[in-house]
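Engineer: Below is a structure I'd like to ask you about.
The values are calculated or read from the model by the stated rules, or taken from the named source; none is laboratory data. On a predicted model such as this, the values are computed, not experimentally measured, just so you know. Note that each Cβ is placed from the backbone with ideal geometry, even for glycine, and that neighbours are counted across all protein chains shown. SASA here: full protein model, heavy atoms, side chains in, ligands and nucleic acids out. Shrake-Rupley method; radii C 1.70, N 1.55, O 1.52, S 1.80 Å.
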Amino acid sequence: MAAISVEPCTFALFGALGDLALRKLFPALYQLDRANLLHADTRLLALAREPGSAQEHLTTIENHLRRHVADADLEPAALGRFLGRLSYQHLDFLQPEGYLALAEQAPAELPLIAYFATAAAVYGAICENLDKAGLAGRTRVVLEKPIGHDLESSRRVNDAVARFFPESRVYRIDHYLGKETVQNLIALRFANSLFETQWNQNSISHVEITVAEKVGIEGRWGYFDKAGQLRDMIQNHLLQLLCLIAMDPPSELSADSIRDEKVKVLKALAPITGDGLSTRVVRGQYIAGYSDGKPVPGYLEEDNANAQSDTETFVALRADIRNWRWSGVPFYLRTGKRMPQKLSQIVIHFKETPHYIFAPEQRLQVGNKLIIRLQPDEGISLRVMTKEQGLDKGMQLRSGPLQLNFSDTWRTARIPDAYERLLLEVMRGNQNLFVRKDEIEYAWTWCDQLIAGWRNAGDAPKPYAAGSWGPMSSIALITRDGRAWYGDI
């Protein structure tokens, strides 16, 4: 990464004292500085509404850096250099007067990056005030999710931003797109004919995408209960992963070429309506159970909970893509809270060989699988069939991995956090890893029809015990197709 050239900029972080900024963004910026990826003239502005002295808030930022950056990475020289770039400004985001002071701190000859780690409701006001201060013409804006809670509200937010910023200077964050393994999906597919020639309905049986969380709500009840797991995870993270798996080869590695292909996938998603709502989608809500052997409360028993809430904490569904490449290939998506483990993985199941010549009792274990792990250990594993070793084994088969574990393979290289890569790409002016407006709109259109179907049917989420893999009906969802979720124990 150190060979990458980045021009100087002023990086203004709105909402600098919020959880995201303190836990993720400042540590990511520090790591970029530590790796000598920030230009010497780059300046960092922490902007927040909280009153108090600038030094007090800068100390808070430093304390969180020491908490969230590994001790081995906290180098005194690097930390001192990073803190020397940083200044704090109290700013009421809704009042234009404070933006004049911001303009004074942002040299006119440098681009300004405005990162909105705030509620989406104030995006429009921030953009308008940047424009009034004469800053809009040289600013790139970075938008955090969630951008709205449905198609209509997302359009309002995006339209408010678009009044002042063209799409070429808008960077919508989905941090999954910055993960090393997700980036390797592009290389794995399009740099290896071994895979790309087999990447279609002729060779692939089905695809699984699982994003499981061990934690519950963690004090986010107010936000989560209005959103639910479908809006919080599937509308963005899982659909983005689906697009990268299913898209056709782009004409080039440019932002719009890649995003054009992702949009084609979203447009080809078959709507799930009518009987499909009961056979192809499962909603769940966790009840009391056990996590790591310790009792944990149910969703309705969490602090500040509404005991009448019907918000889902789990969703499993079958998605079908209506195009030639994926005709007849189901994509099974699953995500939930209070699962047995923290796990994000994609499993590509290849079809069996057309003529089977080995012992019939071994047939159940036959099947090649490409397993792409995003967390906890990023890596890629291809399960293949080989013969058991030994003179007494005959042609007894075994399933084993051809495995690439990033942390084991490149022991001397630290795997960067997703936010590090995304922040670096914003500074470079590269939109490849960011979501375009029409992507968001097609994703919301598809999710909105599911939400409307649940509402019209009065469908309540099915209970599942904390620490389990979700409602039993989520198992039936895939077993009725003669399949099973990979690796469930």
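Engineer: For region 35-43, take each phi angle, set θ = phi - 60°, evaluate the Karplus expression 6.51 cos²θ - 1.76 cosθ + 1.60, and give the result in whole Hz per residue in order, putting x for glycine and proline.
Structural biologist: 8, 6, 9, 9, 4, 4, 8, 6, 10
Engineer: Given points 7 Å out from each Cα along the Cα-Cβ axis, report the residue 270 to residue 150 separation in nanometres with one decimal.
Structural biologist: 2.6
Engineer: Further question on the same structure: Give me the one-decimal nm value for the distance between modelled label points at residue 196 and residue 7, 7 Å along each residue's Cα-to-Cβ direction.
Structural biologist: Result for the modelled spin labels: 3.1 nm.
Engineer: Excluding residue 200 itself, calculate the net charge of residues whose Cβ lies under 13 Å from the Cβ of residue 200, where each Lys or Arg counts +1 and each Asp or Glu counts -1.
Structural biologist: Residues close to residue 200 contribute a combined charge of +1.
Engineer: Here's another thing I want to ask about it. Return a whole-number percent for the relative contact order of the chain, with Cα pairs under 8 Å and 6 or more residues apart as the contact set.
Structural biologist: 18
Engineer: Still on this model: When the Cα centres of region 248-291 and region 1-60 are compared, how far apart do they sit, in Å?
Structural biologist: 34
Engineer: Taking R0 as 35 Å, what FRET efficiency do you get between residue 449 and residue 353 from their Cβ-Cβ distance, rounded to the nearest 0.05?
Structural biologist: Taking R0 as 35 Å, the efficiency between residue 449 and residue 353 is 0.35.
Engineer: Still on this structure, I have one more. Work out, step by step, the length gained on full extension between residue 19 and residue 53: first 0.36 nm times the residue separation, then minus their alpha carbon distance; give nm to one decimal. Working shown, then result.
Structural biologist: Working: separation 34, 0.36 × 34 = 12.24 nm, distance 1.94 nm.
Difference between extended and current length: 10.3 nm.
Engineer: Find out how many positive minus negative residues lie around residue 462, taking Lys and Arg as positive, Asp and Glu as negative, among other residues whose Cβ is under 13 Å from that of residue 462. Can you show the working numbers first?
Structural biologist: On the way: positive: 283; negative: 310, 312, 459.
So the surrounding residues net to -2.
Engineer: Rounded to a whole number of µm²/s, how large is the Stokes-Einstein D of the chain at 25 °C and 0.890 mPa s, given Rh as the Kirkwood radius over C-alpha pairs?
Structural biologist: Answer from the Stokes-Einstein relation: 100 µm²/s.
Engineer: Additional query: Could you give the angle, 0 to 90 degrees to the nearest 10, between helix 180-190's Cα long axis and the longest principal axis of the Cα atoms of the chain?
Structural biologist: 60
Engineer: Ignoring ligands and nucleic acids, what accessible area does residue 74 show with a 1.4 Å probe (Å², nearest 10)?
Structural biologist: Per-residue accessible area (residue 74): approximately 40 Å².
Engineer: Expected output is a single nm value to one decimal: the length gained when fully extending between residue 304 and residue 70, i.e. 0.36 nm times separation in residues minus the C-alpha distance. What is it?
Structural biologist: 80.9 nm
Engineer: Taking R0 as 30 Å, what's the FRET efficiency between residue 203 and residue 459 from their Cβ-Cβ distance, rounded to 0.05? Working shown, then result.
Structural biologist: Numbers: r = 36 Å, r/R0 = 1.19.
Rounded to the nearest 0.05, the efficiency is 0.25.
Engineer: Something else now. Can you work out the Karplus-derived ³J(HN,Hα) for every residue in region 94-107? Use 6.51 cos²θ - 1.76 cosθ + 1.60 with θ = phi - 60°, whole Hz, and x for glycine or proline.
Structural biologist: Result, ordered by residue: 8, 9, x, 4, x, 6, 5, 5, 4, 4, 5, 8, 10, x Hz.
Engineer: In what sequence, highest mean first, do 144-153, 300-309 appear when ranked by Cβ atoms within 10 angstrom?
Structural biologist: With the highest mean Cβ count within 10 Å placed first, the list reads 144-153, 300-309.
Engineer: Let me ask something else about it. For the chain, what does the helix formula give at 222 nm: sum of -39500 (n - 2.57) over DSSP H segments with n ≥ 4, over the residue count, nearest 500 deg cm²/dmol?
Structural biologist: -9500 deg cm²/dmol, from helical runs alone.
Engineer: Continuing with the same structure: Tell me the label-point distance for the pair residue 438, residue 323, using the 7 Å Cα-to-Cβ offset, in nm and rounded to one decimal.
Structural biologist: 1.3
Engineer: Can I ask one more? Could you provide, to the nearest whole Å², the per residue accessible area of region 10-144 with probe 1.4 Å? Please list the in-between numbers first.
Structural biologist: Working: 5460 Å² over 135 residues.
I get 40 Å² per residue for this part.
Engineer: Another question about this same structure. With the Cα gyration tensor of region 10-144 in hand, give its eigenvalues times 5 under a square root as the equivalent ellipsoid semi-axes, listed largest first in whole angstrom.
Structural biologist: On the way: eigenvalues 121, 52, 34 Å².
One finds semi-axes of 25, 16, 13 Å for region 10-144.
Engineer: In the structure displayed, which of 145/226; 294/337; 294/342; 145/342 lie more than 18 Å apart, Cα to Cα?
Structural biologist: Checking Cα-Cα distances, 145/342 exceed 18 Å.
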